[in-house]
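Asks: The structure is given below, and queries will be raised subsequently.
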Amino acid sequence: MRTLTPGAWYLLFLCKGCNTRQVLFRDLNRGQSKIVATFIVECQDCGHKASYDSERIERYHHPIRAATKEVLSPVWRPGQP
């Protein structure tokens, strides 16, 4: 798990091993750029290593009103605060 900054954008992937959403890294383009890449990453929860192309990468805007120490939960779904 990672501490998220209120108001910041992030790129996420859904682990192919345990189906939890994981933060890939902060999106400095604030959700505006096209993603043309494949990332090979290891899940921080289950350790499953897999590749994720641009079709599998999600964008997430962390709510401005969120507490600084709030973390992304494995049960988070797009559109939820």
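Asks: From the list GLY31, GLY17, GLY7, exactly one residue is on the phi > 0 side of the Ramachandran plot and at pLDDT 85 or above. Which is it?
Replies: Of GLY31, GLY17, GLY7, the one residue that is on the phi > 0 side of the Ramachandran plot and at pLDDT 85 or above is GLY7.
Asks: Follow-up. If the Cβ limit is 7 Å and pairs must be 6+ apart or interchain, which residue in segment 35-48 that is more than 13 Å from GLY17 (Cα to Cα) pairs with which residue that is in a loop (DSSP other than H, G, I, E, B) and of a type in the set (Gly, Ala, Ser)?
Replies: ILE35/SER54; VAL36/SER54; ALA37/SER54
Asks: State all residues of segment 28-57 that are β-branched (Val, Ile, Thr) and in a strand (DSSP E or B); if no residue qualifies, say none.
Replies: THR38, ILE40, VAL41, ILE57
The values are calculated or read from the model by the stated rules, or taken from the named source; none is laboratory data. Quick caveat: nothing in here was measured; it's all calculated off a predicted structure. Note that each Cβ is placed from the backbone with ideal geometry, even for glycine, and that neighbours are counted across all protein chains shown.
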